[in-house]
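*Asks:* I'd like to ask you about the structure that follows.
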Amino acid sequence: MANPKSSLSIPPLVSKRFTLIGIILLCVLLQIINSLPGVNLNGLGIYPRSLSGLTGIFFAPFLHGGWAHLLSNLIPFAVLGWLVCQYSVKRFWAVFIFTAVVGGLLVWLFGRANIHVGLSGVLYGLWGFLICYGIMHRSFKAIAISVAVIFLYSGLIWGVLPQRPHVSFESHLFGALAGILIGYYLAKQDKKSASYKL
């Protein structure tokens, strides 16, 4: 007799595909809305040292300055997000939320007085996490993923430096720092427990 639960077609929240595609679709949907005449959702982004701009920490990762901005983030986010999911989807959410909140808070504290939006802060957080975790954990799997990230996206290092006035290098820098911090912490925890799961 078939298990009725196996016939359910709704993808679970722990599905890698559901997680990554869900975030990407949310960003695309918000950009479609943001492209409508008279609509400007980017005002919900992070505005440093303003109380009203503090709530932007939760909205900024899903908002973008335009289609080119969004599209430039989606492929590296999908690749890096998928690599983090190789540990577990719970691990991905831990890194995503930590880098979005901590990186966003640092942007709010120290960033330039402009509106900061975009998924790139989290993207840099995933990047920093994967490299730091591999170096600190030193398992074959972690090192292989870390080497792949360095090979594919070593050029991201330049994004943490101020280059163009309309690009939030602060989001890149503080996102990467947040990713390194949680990567270091989780690698230490995993080495103690000899477990790869959060």
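*Asks:* On the basis of being open to solvent by 30 Å² or more (accessible area, probe 1.4 Å), at pLDDT 95 or above, more than 30 Å from residue 34 (Cα to Cα) and part of a helix (DSSP H, G or I), does residue 181 make the cut?
*Replies:* yes
*Asks:* Regarding residue 88, is this residue without any contact (Cβ under 8 Å) to a residue 24 or more places away in the chain and of a type in the set (Ser, Thr, Tyr)?
*Replies:* Here the answer is no, as residue 88 does not meet what is asked.
*Asks:* Separate question: Please go through segment 76-88 and pick out each residue that is buried (at least 23 other Cβ atoms within 10 Å of the Cβ) and among the aliphatic types (A, V, I, L, M).
*Replies:* 80, 84
*Asks:* Do we have any residue at all in segment 9-26 that's among the hydroxyl-bearing types (Ser, Thr, Tyr), at pLDDT below 95 and open to solvent by 40 Å² or more (accessible area, probe 1.4 Å)?
*Replies:* Checking segment 9-26: at least one residue is among the hydroxyl-bearing types (Ser, Thr, Tyr), at pLDDT below 95 and open to solvent by 40 Å² or more (accessible area, probe 1.4 Å).
*Asks:* If I ask for residues that are more than 16 Å from residue 80 (Cβ to Cβ) and not small (Gly, Ala, Ser), which ones from segment 166-176 would you list?
*Replies:* 166, 167, 169, 170, 173, 174
*Asks:* Of everything in segment 133-165, what is under 17 Å from residue 85 (Cβ atoms) and hydrophobic (A, V, I, L, M, F, W, C)? Give them in sequence order.
*Replies:* If the condition is that a residue be under 17 Å from residue 85 (Cβ atoms) and hydrophobic (A, V, I, L, M, F, W, C), then 142, 144, 145, 148, 149, 152 are the ones that fit.
*Asks:* For residue 46, all conditions in the list (1) hydrophobic (A, V, I, L, M, F, W, C); (2) open to solvent by 60 Å² or more (accessible area, probe 1.4 Å); (3) at pLDDT 95 or above hold save one; what is the number of the exception?
*Replies:* Checking residue 46 against (1) hydrophobic (A, V, I, L, M, F, W, C); (2) open to solvent by 60 Å² or more (accessible area, probe 1.4 Å); (3) at pLDDT 95 or above, the one that fails is (2).
*Asks:* Starting from segment 49-63, take each residue that is among the β-branched types (Val, Ile, Thr) and list its partners that are open to solvent by less than 10 Å² (accessible area, probe 1.4 Å) and part of a helix (DSSP H, G or I), counting only C-beta distances under 6 angstrom and pairs at least six apart or across chains.
*Replies:* 57/104
*Asks:* Quick one: how many residues across segment 109-130 are surrounded by fewer than 24 Cβ atoms within 10 Å (Cβ to Cβ) and among the aliphatic types (A, V, I, L, M)?
*Replies:* 3
*Asks:* Yes or no: segment 156-170 includes at least one residue that is more than 17 Å from residue 99 (Cβ to Cβ) and in contact (Cβ under 8 Å) with a residue 40 or more places away in the chain.
*Replies:* Checked against the condition, which is being more than 17 Å from residue 99 (Cβ to Cβ) and in contact (Cβ under 8 Å) with a residue 40 or more places away in the chain, segment 156-170 yields at least one hit.
*Asks:* Which is exposed (fewer than 13 other Cβ atoms within 10 Å of the Cβ) and among the polar types (S, T, N, Q), of 139, 193?
*Replies:* 193
*Asks:* Next question. Between a first residue in segment 138-153 that is over 19 Å from residue 191 (Cα atoms) and among the small types (Gly, Ala, Ser) and a second residue that is modelled with pLDDT under 90 and part of a helix (DSSP H, G or I), which pairs have beta carbons less than 6 Å apart while being 6 or more apart in sequence or on different chains?
*Replies:* none
*Asks:* Moving on. Taking the options 192, 188, name whichever one is charged (D, E, K, R) and either touching a helix residue (DSSP H, G or I) at 6+ places or on another chain (Cβ under 8 Å) or in contact (Cβ under 8 Å) with a residue 12 or more places away in the chain (or both).
*Replies:* Going through 192, 188 in turn, just one is charged (D, E, K, R) and either touching a helix residue (DSSP H, G or I) at 6+ places or on another chain (Cβ under 8 Å) or in contact (Cβ under 8 Å) with a residue 12 or more places away in the chain (or both): 188.
*Asks:* Here's a follow-up. Restricting segment 156-178 to residues that are under 21 Å from residue 135 (Cα atoms) and at pLDDT 95 or above, which is nearest to the chain's Cα centre (by Cα)?
*Replies:* 175
The values are calculated or read from the model by the stated rules, or taken from the named source; none is laboratory data. These numbers were taken from a predicted model, which means no experiment stands behind them. Neighbour counts run over all protein chains shown; Cβ positions are idealised from the backbone, glycine included. All accessible areas refer to the heavy atoms of the entire protein, side chains included, with ligands and DNA or RNA removed. Shrake-Rupley method; radii C 1.70, N 1.55, O 1.52, S 1.80 Å.
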